[in-house]
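Working notes, beginning with the structure itself.
The values are calculated or read from the model by the stated rules, or taken from the named source; none is laboratory data. Please read all numbers here as calculations on a predicted model, not as lab measurements. Reconstructed Cβ throughout: ideal geometry from the backbone, glycine too, with neighbour counts over all protein chains shown.
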Number of protein chains: 4
Amino acid sequence: MIIVMEPAAKEEDIQRVVRKMESLGFRIILNRGDVMTVVAAVGDKRLIDPATIASMEEVREVKLIQEPFKLASRESQRTDTVIDLGLGVKIGGNSAPVIMAGPCSVEDDIEGLLKTAYAIRDAGAKVLRGGAFKPRTSPYDFQGLEELGLKYLAEAGKKAGLLVATEVMDSQDVDLVADYADIVQIGARNMQNFKLLKAVGKISKPVILKRGPAATVREFLLAAEHIMHNGNANVILCERGILGVDSHFTRNTLDLLAVPVIKKYSHLPVIIDPSHGTGRRYLISPASKAALVIGAHGLLVEVHHDPDNAYSDGAQSLTLDQFSSMMKEISELEKAISKTLEIKK
Amino acid sequence: MIIVMEPAAKEEDIQRVVRKMESLGFRIILNRGDVMTVVAAVGDKRLIDPATIASMEEVREVKLIQEPFKLASRESQRTDTVIDLGLGVKIGGNSAPVIMAGPCSVEDDIEGLLKTAYAIRDAGAKVLRGGAFKPRTSPYDFQGLEELGLKYLAEAGKKAGLLVATEVMDSQDVDLVADYADIVQIGARNMQNFKLLKAVGKISKPVILKRGPAATVREFLLAAEHIMHNGNANVILCERGILGVDSHFTRNTLDLLAVPVIKKYSHLPVIIDPSHGTGRRYLISPASKAALVIGAHGLLVEVHHDPDNAYSDGAQSLTLDQFSSMMKEISELEKAISKTLEIKK
Amino acid sequence: MIIVMEPAAKEEDIQRVVRKMESLGFRIILNRGDVMTVVAAVGDKRLIDPATIASMEEVREVKLIQEPFKLASRESQRTDTVIDLGLGVKIGGNSAPVIMAGPCSVEDDIEGLLKTAYAIRDAGAKVLRGGAFKPRTSPYDFQGLEELGLKYLAEAGKKAGLLVATEVMDSQDVDLVADYADIVQIGARNMQNFKLLKAVGKISKPVILKRGPAATVREFLLAAEHIMHNGNANVILCERGILGVDSHFTRNTLDLLAVPVIKKYSHLPVIIDPSHGTGRRYLISPASKAALVIGAHGLLVEVHHDPDNAYSDGAQSLTLDQFSSMMKEISELEKAISKTLEIKK
Amino acid sequence: MIIVMEPAAKEEDIQRVVRKMESLGFRIILNRGDVMTVVAAVGDKRLIDPATIASMEEVREVKLIQEPFKLASRESQRTDTVIDLGLGVKIGGNSAPVIMAGPCSVEDDIEGLLKTAYAIRDAGAKVLRGGAFKPRTSPYDFQGLEELGLKYLAEAGKKAGLLVATEVMDSQDVDLVADYADIVQIGARNMQNFKLLKAVGKISKPVILKRGPAATVREFLLAAEHIMHNGNANVILCERGILGVDSHFTRNTLDLLAVPVIKKYSHLPVIIDPSHGTGRRYLISPASKAALVIGAHGLLVEVHHDPDNAYSDGAQSLTLDQFSSMMKEISELEKAISKTLEIKK
């Protein structure tokens, strides 16, 4: 930890900081510059909340050197985490990309859901996704079928031979959702719902953690750390669009570069949601292909058998035909990606 | 609702949209331009999720005309909402600004808390704030005293004759928190935790709803709408800093202009948190004074009897003396503000 | 143009707006809702600055329907613009992606520049890039060799059989730069330097226009419109990173999705700068490959024969070997991209 | 300067960085942590571009300790800069706030301009502002009267006994503009037009430098440094709205807190433009009052004698009556501000 003192700091101000850090078990190296003094404190950053030091008199700023997440960090585990999702499907490391697809909301139409399930399975997807509990910006929008939706989803998955993934929105529903789903999902707006992170940390099912639209990569990995710290190491990170400068042509700015950045700093698998990330149907296929080329371990795509009549987010859903066509393109790309990996060696 | 068709849309595409909107009860006015056709749909926007229409073939974009929040809107209630907080303290409309102050976290030191409570009361504050459940970016930081913290807070409030406000983080804790607190607070990171919004909508205690750091004013008012729609109309909106272009010199960008904007579009009281909004002690007093001049109905300020040893966020807390001095300045300003209101008439 | 009136607007307020728009030659359709009236004005939006209408009494908001750029728009030209850069190299449409590479700054070392030029040519690049006039955030950083740099660049290009591209920073230097360069570049910080846009609009050399880090796609295309409106239709758009939520792990957020968005709304070629877009060497190759897969017409990559001793931006430059290796990977990808295009048909 | 090495860095990587920094004249202190080594380099940061070091092998990150601006910094000059604008008007330090007002564009109507000039003078303004060269996002909008506008402005200023301020957009026009204006303005979109900054650095007239909508405070002060480094120390900083999370209800997010932040890090005067900062007429008066309470040295306000018929930006202009009323409110506030300053002592 680097503690920058104000230019006006007196020797006693500096010594007060030194004493405090030493009392907490840090080793101190003083860097006296011409204008300011910098106190380097070597030790376990988790012993102290940096804000505590930042509040001391004549401290200008505290800079972290080591990232504050530990279990999620590449330093704590050099090899990639590979998670066994069930049915022989693995995600992470050099495993084949896992394609997860399905409707935004599970609707009161099990036939439609089954139609989607069979179609995505035939196109190569391994996981059926669909929302039973729906976070909605407006209280007047469809809020989801809740347990009925979970039942439909589990039934469709079973019939089609697919794993199922679905969102949990509240700590009270974690056990219920985990009973039906193979993979539990935390939505972007709940990325820092710490009680919920704690609750999914207590179960053993894999968790897809979506990045909040304003979250830095550091905050994102700290949210994963909350889950891991509570006992569940099976975290799959999902980038789904951040706040950019333009919300006119796309809903969010899909931060595709977050994939290689996260792979450098963490060992966890990372996937891309091209549907929420763009909010426009015509952008899903280009975004998906770019995501795999840039190194994503999987995709979470909205697909609907009849998007014009979807209960939610039809504008960012592919039709079954569009999904099938995209999967063929992806198949060609994957062969090329394998060849590029050999060039790198 | 304004539905903009693509330039390439054919007559049948336009008619499909028209039929859909008419079937939902909207009245249609077609605006045929030289390049594009615009379908104006007059009716209750809550009948439909705009994304459903946006997904139809050859629809370029859907623009809302009326804001999607209703109960929170100025149209639904012309006069300002004034909330009775208890002990004769009112917030909103032309009531005197309500100053809420206290430590970021309630700590295991009831004496320190009492010292703070008496000091802020003597300086003119009406509400003691303090966190018992603490949302923390890192799992290694202090997470709060939970129920013990609630007890300390209630005791200190009672002794000092102050109302108390504290945060609830999870739907399971709403009843517990409401038992101890006069005012319940929803943190910025939970602004779109819809299950929690629903839960505080079921109680009758006033709720301080903090704006998420990436939330637009529209999303903020829609979050308030969730609470109101569930039955609790006593919502106090709190701006506490948004994502800006610079996180080096300040933690967030305090959006002071949100105060007059919200007052134009909503009847709800709006307050400012200058501590989280800036993250720096030297900015709290300037931000507080500007907040009141720009029309805020109150302040939520972090004050600690010994900030250097605070468990959390000491860097953005005032000392008791600094708070007292700031309150004297505020008192002078309030007299001037009264005079400016007369000039306007 | 859609003019939304305030709920409190009276009939006379509405009629005032109607008369004004009619006097400007617009055809009016009134959309009277239950709460607000919307005035749809059909006509050439370029007849009026929307802000003029937005200022009228009881006007709440003005929304554009048609995009305000015209020459740059897909509506004005359905087919892709293909620009002949010289030496048989074409950019845009279905032409092979054009790779432009070279050092951030042209340095006082013609041998080093030649080494780079030969290497990038052998790897498949067609254009040598390098800065002679350097925009620098700090006045204490290297500002470029100016005309000497232009000479070196032209000489290296000629010897290696490459086209050359370089930045112009000031309207006074446009003719000088155009004398030496095959392609003239406008930097991101000058995207709205309108006098400079006008000046490059008067020449005939192709112009690479970089997107400002806070510019929306609409503003970006309006900047291109300034150049085209002044007579130069040979504009190549370049995305190079926008302001995102995180500036810790990457310098900017590379908005790769801007490529398919721009291709939908404009006929102009669009390329990606993965160096400024990421600011980190390890991200250049992943970003470049994703850029081509998502449809970019070219790349602008920083390459240096000795990045550790570069005058500027070494951290985001590839070595010659790294560039050569990346080009081999790109070659594999391009074959796969061709196959995916056939699937789409 | 703090150079953070990668965890994987070997001793030779560290020594390479040490040798490089020592060769540049820095004194080195090594901080060896358990995971990473930090190289603290003490010396004049202007000797080196940090990006040069960041590019070296196994360097993770370079953090600046001292701000990179020098002439503009509070360290280089403890006392506030006070600039004599002429006609006995001073800005900065404890001088009375300087109110600058006038139309966005100078229009072809000298009578209207004179009417505005007399009215703002009578209300207490000291500077008449107005644009003769207009930066416009669209090439189809009014571009300004150019020299004729300068003449009108100078004439109106002379008749009313006001100083005049106007924008210069291009290095070629600096001398022309400086001939007519008392204060030269650099627009937000030109904040990093370094050739223009250099050109206004060569004149002696005071310069208002507007902050770019995406510029950090550090970049803003570095832009001022460019002007000062070229010889002109009379720089007035102007905050006029930055990119926020919401562009629906306001054009920009006015960063009022930038005023006390800048006053801590720099000695230069800082003013607020509430018109561009908000883009809405009803927000100008609240923003102006808050700006003065938070410590701004002046205001730059758009006022028009007939905003409905303004050539540009009428929606963010006050009428003459509104301006006059606002000035009366400001007068009351200033008395209160004086009293608060005494409380602080």
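Key figures for this structure:
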| item | result |
| --- | --- |
| Where C:Lys90 falls short, out of the listed (1) in the same structural domain as C:Thr216 (by TED's automatic domain parsing); (2) in a strand (DSSP E or B); (3) in contact (Cβ under 8 Å) with a residue 24 or more places away in the chain; (4) not acidic (Asp, Glu) | (3) |
| The one condition in (1) among the acidic types (Asp, Glu); (2) within 30 Å of B:Ile65 (Cα to Cα); (3) at pLDDT 95 or above that C:Asp122 fails to fulfil | (2) |
| Subset of segment A:78-95 [surrounded by fewer than 20 Cβ atoms within 10 Å (Cβ to Cβ) and either more than 28 Å from A:Val164 (Cβ to Cβ) or among the hydrophobic types (A, V, I, L, M, F, W, C) (or both)] | A:Arg78, A:Thr79, A:Val82, A:Leu87, A:Val89 |
| Residue among A:Ser275, A:Ser312 that alone is touching a residue at least 60 places away in the same chain (Cβ under 8 Å), within 14 Å of chain B (Cβ to nearest Cβ), within 22 Å of the chain's Cα centre (by Cα) and more than 14 Å from A:Ile99 (Cβ to Cβ) | A:Ser312 |
| Count of residues meeting criterion [at pLDDT 95 or above and either among the β-branched types (Val, Ile, Thr) or surrounded by fewer than 24 Cβ atoms within 10 Å (Cβ to Cβ) (or both)] in segment C:266-280 | 4 |
| Test: residue in segment C:79-98 that is in contact with a strand residue (DSSP E or B) (Cβ under 6 Å, 6 or more places away or on another chain), at pLDDT below 95 and at negative phi | no |
| Search result, residues across segment C:286-300 that are in contact with a helix residue (DSSP H, G or I) (Cβ under 8 Å, 6 or more places away or on another chain) and more than 7 Å from chain A (Cβ to nearest Cβ) | C:Ser288, C:Ala291, C:Leu292, C:Ala296, C:Leu299, C:Leu300 |
| Unmet criterion (only one of (1) free of Cβ contacts under 8 Å to residues at least 40 places away in the same chain; (2) more than 24 Å from D:Ser73 (Cβ to Cβ); (3) touching a Leu at 6+ places or on another chain (Cβ under 8 Å); (4) of a type in the set (A, V, I, L, M)) for D:Leu237 | (2) |
| Members of segment B:150-191 that are assigned to a helix (DSSP H, G or I), within 14 Å of another protein chain (Cβ to nearest Cβ) and either without any contact (Cβ under 8 Å) to a residue 40 or more places away in the chain or within 17 Å of the chain's Cα centre (by Cα) (or both) | B:Ser171, B:Gln172, B:Val174, B:Asp175, B:Leu176, B:Ala188, B:Arg189, B:Asn190 |
| Count of residues meeting criterion [β-branched (Val, Ile, Thr) and more than 27 Å from B:Asp141 (Cα to Cα)] in segment B:281-327 | 2 |
| Some residue of segment A:249-271 being within 13 Å of chain B (Cβ to nearest Cβ), in contact (Cβ under 8 Å) with a residue 60 or more places away in the chain and under 20 Å from the mean Cα position of the chain (by Cα) | yes |
| Boolean, B:Ser331 is surrounded by fewer than 24 Cβ atoms within 10 Å (Cβ to Cβ) and more than 13 Å from chain A (Cβ to nearest Cβ) | yes |
| Where A:Phe249 falls short, out of the listed (1) within 27 Å of A:Leu222 (Cβ to Cβ); (2) of a type in the set (A, V, I, L, M, F, W, C); (3) not in a helix (DSSP H, G or I) | (1) |
| Residue match in segment A:172-180 (condition: in contact with a helix residue (DSSP H, G or I) (Cβ under 9 Å, 6 or more places away or on another chain), surrounded by 23 or more Cβ atoms within 10 Å (Cβ to Cβ) and not β-branched (Val, Ile, Thr)) | no |
| The lone exception for C:Thr79 - which of (1) within 14 Å of another protein chain (Cβ to nearest Cβ); (2) β-branched (Val, Ile, Thr); (3) in a loop (DSSP other than H, G, I, E, B) it fails | (1) |
| Conditions (1) assigned to a loop (DSSP other than H, G, I, E, B); (2) over 21 Å from C:Ile2 (Cβ atoms); (3) at pLDDT 90 or above; number of the one not met by B:Phe69 | (2) |
| A:Lys289 charged (D, E, K, R) and either crowded, with 22+ Cβ neighbours inside 10 Å or not in a helix (DSSP H, G or I) (or both) | yes |
| Members of segment C:194-221 that are more than 13 Å from chain D (Cβ to nearest Cβ) and assigned to a strand (DSSP E or B) | C:Val207, C:Ile208, C:Leu209 |
| Residue in segment D:57-72 that is of a type in the set (A, V, I, L, M), farther than 30 Å from D:Pro269 by Cβ and facing chain C (nearest Cβ under 9 Å) present | yes |
| C:Ser338 being hydroxyl-bearing (Ser, Thr, Tyr) and more than 11 Å from chain D (Cβ to nearest Cβ) | yes |
| In segment C:104-145, the residues that are in a loop (DSSP other than H, G, I, E, B) and of a type in the set (A, V, I, L, M, F, W, C) | C:Cys104, C:Val106, C:Ala125, C:Ala132, C:Phe133, C:Phe142, C:Leu145 |
| Which numbered condition C:His229 misses (of (1) over 20 Å from the mean Cα position of the chain (by Cα); (2) within 11 Å of chain D (Cβ to nearest Cβ)) | (1) |
| Qualifying position, being in contact with a strand residue (DSSP E or B) (Cβ under 6 Å, 6 or more places away or on another chain), away from chain A (no Cβ under 12 Å) and either crowded, with 24+ Cβ neighbours inside 10 Å or not in a helix (DSSP H, G or I) (or both), among B:Leu237, B:Leu283 | B:Leu237 |
| Pair list, Cβ < 6 Å and 6+ apart or interchain, from segment D:48-73 residues that are in the same structural domain as D:Ser23 (by TED's automatic domain parsing) and over 19 Å from A:Asn31 (Cβ atoms) to residues that are modelled with pLDDT of 80 or more and in a loop (DSSP other than H, G, I, E, B) | D:Asp49/C:Asp141; D:Glu58/D:Glu6; D:Glu58/D:Ala9 |
| Residue within segment A:56-64 that is among the β-branched types (Val, Ile, Thr) and farther than 25 Å from A:Ala178 by Cα present | yes |
| Counted residues, segment D:96-137 - those being small (Gly, Ala, Ser) and buried (at least 23 other Cβ atoms within 10 Å of the Cβ) | 8 |
| Number of positions in segment B:256-276 that are among the aliphatic types (A, V, I, L, M) and part of a strand (DSSP E or B) | 3 |
| Within segment D:6-27, tally of residues that are among the acidic types (Asp, Glu) and touching a residue at least 40 places away in the same chain (Cβ under 8 Å) | 2 |
| Matching residues in segment B:25-73 - criterion: being among the hydroxyl-bearing types (Ser, Thr, Tyr) and more than 21 Å from A:Tyr282 (Cβ to Cβ) | B:Ser73 |
